[in-house]
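Q: Below are the structure tokens for one structure; questions will follow.
The values are calculated or read from the model by the stated rules, or taken from the named source; none is laboratory data. Computed from a prediction, not measured in an experiment: that's the story for all the values here. For neighbour counting, all protein chains shown are included, and Cβ atoms are generated from backbone atoms with ideal geometry for every residue, glycine included. SASA here: full protein model, heavy atoms, side chains in, ligands and nucleic acids out. Shrake-Rupley method; radii C 1.70, N 1.55, O 1.52, S 1.80 Å.
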Amino acid sequence: MTTPYQQQGQAPVPPQTPPQAPPQAYAPQQPQQQGQPQAPQHQAPHIPPGYVSPPPGAPAQPYAAVGTYTSPIPIQRTHLGNAIASEWTKIKSVRSTIWTLSVMAALVVGIGFLTSASTNDSDYTSAPTTLPGFFGALLGQLCVVTLGVLVISSEYGTGMIRTTFTASPARSRVLTAKALVFFTLAFVTTTLSLALVTFISSGMHSGPEVMDPSNDQLIGATVGVGLYVSLLGLLSLAVGSMLRHSAGAITTMLGVVLLPSILPAFLMMSPSLADLGVTMQKYSSPFALAALFQIDDSVGSGWSQLGVLGGITAAALVAAYVLLEKRDV
């Protein structure tokens, strides 16, 4: 009897069998006696990779735990010092800080040196030898104003402010750290530049006919002017935090600095607005700097103008804190 495959000349196909699993080794189980509890099976604790055990005798540190995972990094509560260190790293790493402060110091020292070199001893019979620093401070304050705006507005322009607030969710702490770092840096740079100009001018002009500056004049021409210029920069930082735009904040601050110096000339043309013009001129930036340098006894000591600027800066900072907490990034 032939199959259809044999009739066609094809070889028969053997039937396929399912694959069998390999034989497993038989492990005899020990019989468990009745009434004897089974010993619990202990598992080794899970140690995350990279964990380093603390040295013997060290105090226990809290660790962050998420579900069954425990981070080997100890939890450390952040504080204002961490924010200050972060802002100091940022402000010294940006080129605009170096260039702006370098230009400010070059203007103050350079113009002061040229003024001292182009004057004689007879020019200081009624004016203190600290006078050459006044002309450089008039231009140098604009550099500090620009830097104050860029300290915070540049982060809004690049979007880096989101990373800053993610790393430090306490926004008021970030603004406080920026204000402290910037104010300290601006004050130290401005005061040292003015002190160098005073030293150069006093060395170039000395004699019996030269008026020796008193302690009040020296303090006003160095520390007082340094405080005034630094407060202007701090006011710029507050305005930059509120406006969040570099060009708009710089334009606003230039108007704050220059407008009180120009507008009184037009206000004094009207008899009804003459008193307003005189008051505005008294608290303008050039008049306040001249008073701190004590160029003339009639202009006062300049500390009242410094107090008014401090009050305005404090009010602007309060507004910046309130808007920073209310608005979204």
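Q: Counting only protein chains, not ligands or nucleic acids, how are Y156, Y321 ordered by accessible area (probe 1.4 Å), most first? If you can, show how the numbers build up before the last one.
A: Details: Y156 35, Y321 65 Å².
Sorted descending by solvent-accessible area, the residues read Y321, Y156.
Q: Also, quick follow-up: At what distance in nm do the modelled label points of T68 and V256 sit from each other, each positioned 7 Å from its Cα along Cα→Cβ?
A: Here the answer is 5.8 nm between the modelled labels.
Q: Same structure, new question: Read phi for every residue in the range 109-126 and hand back ³J(HN,Hα) as whole Hz from Karplus 6.51 cos²θ - 1.76 cosθ + 1.60, θ = phi - 60°, with x for Gly and Pro.
A: Using θ = phi - 60°, the values come out as 6, x, 5, x, 5, 5, 5, 5, 6, 9, 10, 10, 5, 5, 6, 10, 6, 10 Hz.
Q: I've got another one for you. How would E325, E155 line up by accessible area, probe 1.4 Å, largest first? Can you show the working numbers first?
A: Numbers: E325 105, E155 15 Å².
So the residues, ranked largest to smallest area, are E325, E155.
Q: I'd like the projected area of the range 80-326, averaged over all directions, using the convex hull of its alpha carbons. Report it in nm² with one decimal. Display every interim value, and only then the final one.
A: Values: hull surface 58.4 nm².
Over all viewing directions, the range 80-326 projects a mean Cα-hull area of 14.6 nm².
Q: Need the C-alpha centroid separation for the range 99-167 versus the range 250-329, integer Å.
A: 18 Å
Q: Here's something else I'd like to know. Taking 8 Å as the Cα distance limit and 6 or more residues as the minimum spacing, I'd like the relative contact order of the range 80-326 as a percentage.
A: Details: 339 pairs, mean separation 62.9, N = 247.
Relative CO of the range 80-326 lands at 25 percent.
Q: Express the C-alpha Rg of the range 185-224 as a ratio against the empirical globular expectation 2.2 N^0.38 Å, rounded to two decimals.
A: On the way: Rg = 11.3 Å, N = 40, 2.2 N^0.38 = 8.9 Å.
Output field value: 1.26.
Q: State, to one decimal in nm², a quarter of the convex hull surface area for the C-alpha atoms of the range 190-329, i.e. the direction-averaged projected area. Don't skip to the end; give the middle numbers.
A: On the way: hull surface 44.9 nm².
Spelled out: convex hull of the Cα atoms, projected over all directions, averaged, 11.2 nm².
Q: Which of the lysines could a cross-linker span from K90 if the Cα-Cα distance has to be under 18 Å and same-chain partners fewer than 8 positions apart are dropped?
A: Reachable lysines: K178.
Q: Please work out the Cα convex hull volume for the range 272-329 and give it in Å³ per residue. Let's see the in-between values first.
A: Values: hull volume 6.5 nm³, N = 58.
Spelled out: Cα convex hull of the range 272-329, divided by residues, is 113 Å³.
Q: Would you please give the residues with an amide H less than 5 Å from that of T70, counting only those at least 5 places away or on a separate chain, with H modeled from the backbone geometry?
A: none
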